[in-house]
């Protein structure tokens, strides 16, 4: 048998009485020539014509693991490899690259082609991926190489989870948030935006803390907030906006109070010190009650503008006249106080009282 198609070199592979033999140790996809002759007591016969033999190919042998080219980027990696040392008797026509995502037990094919390099995209920053390679020919694909691991470059942080808001009072709230996935680079700061409308929030805090206290808020008001993280590679996306509803509070101070003129007090008809109209005489409905006369020396009429109720309906007003017993009115905006001492100076102040209401943020 000769492995040289030119027939220059021949090797004896069998000698015996049989009419067939098995030849082993041949190379896959190899071309061989075989010829036979007989030997007897009378001598050796001429050699037969050479028989052309072609062994079938097998899949290629294992490749060396692929290697990363250059510095891995945040979301893509370029890989390169070399052909296998054993092609299986047929030229390598294709390569297949399989990728293992972080903490994944099974890989998926990310490249198949005849090139000796490829770029794998759509990766996540700061993650470690595994890659392995196999070569194929017309007989099929060979075994996979050993796995090689590549860590992608750092990227901007992921979006934070929606922040948590705790209203400490009607005018103070504490906003807190959690550390997002940093994508390979530690978070250096957070940016908190706050505003009365979702489309007009403005930055109110920048720093490394995981919470921030906001003061000077309006009671019974709606606010929106969102947060984003920053690292050395860039700024991450904002979290979803969160709605905050501050609880209601006591009314604001009555800011505009003035005394009624005598003519204005006469027009009030029957407003008593309790702020109610006096009843008519039930015994004689036909007789009209004489109009009440308010003496400027013993009566004081007050009028005021209702203040901001801060989210709860005002139920009464408290008029403080210094040493006198405070007067509690209903939800009115004017009142006449009687039985005062003539030629006496009084200091008064007016406060609104509101009902208790709970508002959850």
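The values are calculated or read from the model by the stated rules, or taken from the named source; none is laboratory data. It should be emphasised that the depicted structure is a prediction, and the values quoted were computed from it without experimental measurement. Positions of Cβ are backbone-derived with ideal geometry, glycine not excepted, and every protein chain shown enters the neighbour counts.
A few points about this structure:
- Top-ranked residue of segment 189-212 - restricted to ones that are assigned to a loop (DSSP other than H, G, I, E, B) and surrounded by 14 or more Cβ atoms within 10 Å (Cβ to Cβ), ranked as nearest to the chain's Cα centre (by Cα): 210
- Test: residue 324 is at pLDDT 70 or above, in a loop (DSSP other than H, G, I, E, B) and surrounded by 14 or more Cβ atoms within 10 Å (Cβ to Cβ): yes
- Filtering segment 241-252 for residues that are out of contact with any helix residue (DSSP H, G or I) (no Cβ under 7 Å at 6 or more places or on another chain), under 16 Å from residue 181 (Cβ atoms) and assigned to a strand (DSSP E or B) leaves an empty set.
- Taken over segment 63-83, the criterion of being part of a strand (DSSP E or B) and over 26 Å from residue 157 (Cα atoms) is satisfied by 67, 80.
- From 219, 180, residue being surrounded by 12 or more Cβ atoms within 10 Å (Cβ to Cβ) and in contact with a strand residue (DSSP E or B) (Cβ under 8 Å, 6 or more places away or on another chain): 180
- Subset of segment 120-163 [under 22 Å from residue 233 (Cα atoms) and touching a strand residue (DSSP E or B) at 6+ places or on another chain (Cβ under 6 Å)]: 120, 128, 129, 150, 151, 156, 157, 160
- Of the set (1) at pLDDT 95 or above; (2) part of a helix (DSSP H, G or I), all apply to residue 266 but (1).
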